[in-house]
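Working notes, structure below.
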Amino acid sequence: DHLAADSRRHGAVLHLGAAVAAIEETPTGVVARCRDGAAFAADAAVLAVPLPLLSEIALPPAARVRAARAVAEIGFGNVVKLLFRFMTPWWVTAVGHDLTDLSFVLSDAAVPTWWTQYPTGHPVLTGWYAGPKADRVSALSEAELVEMGLAALAAIFARPAARLRQELVAARAVNWGNDPFARGAYSYATPATRAAQRALSQGDGGAVLFAGEALHIGPDIGTVEAAFAIGRDTAQLVLRGAA
């Protein structure tokens, strides 16, 4: 909401629910065509969609070749993220230890990684189930994923799952691989990634540009910081072209 409000203050117009089906180049720029038939003309288009969606948007020939290279040579993984809010931060006294300063838990449980809201005292735990394992639970419902998370916490902290269920106030389980506008959660580098990133970031002189955390050349690939950095760099590229 903050970013949207700030963008509008600077004159941006946001079209929500406008799923893009195709980008076409024209003599004066580009036209973005949406699934509902709407069309938007512009001087240039910046595609900052998750990598799997690049192959689902019809692009001009040169941009299509570059997009295919990105999809093939930059890794992209899935995540199931669990968010549990409890009545109290019961884990601070679990397993006979003072865990007041607990921040991360790494384990061999079914959902192996958890983190707290430390240093705040909010009774919230976040679970992280990533990689190929996340793809294997794509058919599970949200309720089933929640139960999987509770069972994992019960195993980690030697606490009955039924008791944890009683203390649970709210829960969400998000399988990003099942989201039609995400198809996964994060990018990662492969041996061919850096060359693909450079090829997409440099542009080919056309009006279709690529952005997003997957194209950030640096140690922060797969992060919000990377998304902001590549967004800034791409905006500067557009401004130089306009000048």
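List the pairs whose first member sits in region 102-116 and is aliphatic (A, V, I, L, M), whose second member is part of a loop (DSSP other than H, G, I, E, B) and open to solvent by 40 Å² or more (accessible area, probe 1.4 Å), and whose Cβ atoms are under 7 Å apart, counting only residues at least 6 apart or on separate chains?
Cβ pairs passing all conditions: Leu102/Tyr118.
Filter region 69-82 for residues that are more than 19 Å from Gly177 (Cβ to Cβ) and at pLDDT below 90 and give the result.
Here is the first cut: in region 69-82, the ones more than 19 Å from Gly177 (Cβ to Cβ) are 69, 73.
Within region 69-82, Arg69 is the sole residue that qualifies.
Every residue in region 37-58 that is assigned to a loop (DSSP other than H, G, I, E, B) and surrounded by 10 or more Cβ atoms within 10 Å (Cβ to Cβ), please. Steps first, please.
Filtering region 37-58 down to residues assigned to a loop (DSSP other than H, G, I, E, B) leaves 37-38, 43-44, 48-50, 55-57.
Once the filter is applied, which keeps residues that are assigned to a loop (DSSP other than H, G, I, E, B) and surrounded by 10 or more Cβ atoms within 10 Å (Cβ to Cβ), region 37-58 yields Ala38, Asp43, Ala44, Ala48, Val49, Pro50, Ser55, Glu56, Ile57.
Quick one: is Ala18 surrounded by 11 or more Cβ atoms within 10 Å (Cβ to Cβ), touching a strand residue (DSSP E or B) at 6+ places or on another chain (Cβ under 7 Å), touching a residue at least 60 places away in the same chain (Cβ under 8 Å) and more than 30 Å from Leu145 (Cα to Cα)? Explain how you work it out, then say what you get.
Details: surrounded by 11 or more Cβ atoms within 10 Å (Cβ to Cβ): yes; touching a strand residue (DSSP E or B) at 6+ places or on another chain (Cβ under 7 Å): yes; touching a residue at least 60 places away in the same chain (Cβ under 8 Å): no; more than 30 Å from Leu145 (Cα to Cα): yes.
Against the criterion (surrounded by 11 or more Cβ atoms within 10 Å (Cβ to Cβ), touching a strand residue (DSSP E or B) at 6+ places or on another chain (Cβ under 7 Å), touching a residue at least 60 places away in the same chain (Cβ under 8 Å) and more than 30 Å from Leu145 (Cα to Cα)), Ala18 does not qualify.
Any idea which of (1) within 24 Å of Asn175 (Cα to Cα); (2) open to solvent by less than 70 Å² (accessible area, probe 1.4 Å); (3) out of contact with any strand residue (DSSP E or B) (no Cβ under 7 Å at 6 or more places or on another chain) is the one Leu99 doesn't satisfy?
With respect to (1) within 24 Å of Asn175 (Cα to Cα); (2) open to solvent by less than 70 Å² (accessible area, probe 1.4 Å); (3) out of contact with any strand residue (DSSP E or B) (no Cβ under 7 Å at 6 or more places or on another chain), Leu99 is out only on (1).
Tell me the helices (runs of 4 or more DSSP H) entirely within region 141-243 that contain at least 2 residues that are touching a residue at least 24 places away in the same chain (Cβ under 8 Å) and surrounded by fewer than 16 Cβ atoms within 10 Å (Cβ to Cβ). Write out each step before concluding.
Working: elements: 142-157, 161-167, 193-202, 224-242.
Once the helices (runs of 4 or more DSSP H) in region 141-243 are filtered for at least 2 residues that are touching a residue at least 24 places away in the same chain (Cβ under 8 Å) and surrounded by fewer than 16 Cβ atoms within 10 Å (Cβ to Cβ), what remains is 142-157, 224-242.
Kindly indicate whether any position in region 61-68 is of a type in the set (Lys, Arg) and more than 18 Å from the chain's Cα centre (by Cα). First the steps, then the outcome.
Initial filter on region 61-68 (of a type in the set (Lys, Arg)): 64, 66.
The next check asks that each one be more than 18 Å from the chain's Cα centre (by Cα); those that pass are 64, 66.
The answer is yes, given that some residue of region 61-68 is of a type in the set (Lys, Arg) and more than 18 Å from the chain's Cα centre (by Cα).
Taking the conditions exactly as written (at pLDDT 95 or above and either among the polar types (S, T, N, Q) or more than 20 Å from Asp179 (Cα to Cα) (or both)), does Thr93 satisfy them or not? It would help to see each step written out before you state the result.
On the way: at pLDDT 95 or above: no; either among the polar types (S, T, N, Q) or more than 20 Å from Asp179 (Cα to Cα) (or both): yes.
In short, no.
Can you tell me which residue among Val111, Val71, Val92, Val105 is in a strand (DSSP E or B), farther than 18 Å from Ala19 by Cα and open to solvent by less than 70 Å² (accessible area, probe 1.4 Å)?
On the way: Val111 fails: in a strand (DSSP E or B); Val71 fails: in a strand (DSSP E or B); Val92 fails: in a strand (DSSP E or B).
Among Val111, Val71, Val92, Val105, only Val105 is in a strand (DSSP E or B), farther than 18 Å from Ala19 by Cα and open to solvent by less than 70 Å² (accessible area, probe 1.4 Å).
The values are calculated or read from the model by the stated rules, or taken from the named source; none is laboratory data. Owing to the predicted nature of the structure, the values given are computational and were not obtained by experimental measurement. Positions of Cβ are backbone-derived with ideal geometry, glycine not excepted, and every protein chain shown enters the neighbour counts. For accessibility, only protein heavy atoms count, side chains too; no ligands or nucleic acids. Shrake-Rupley method; radii C 1.70, N 1.55, O 1.52, S 1.80 Å.
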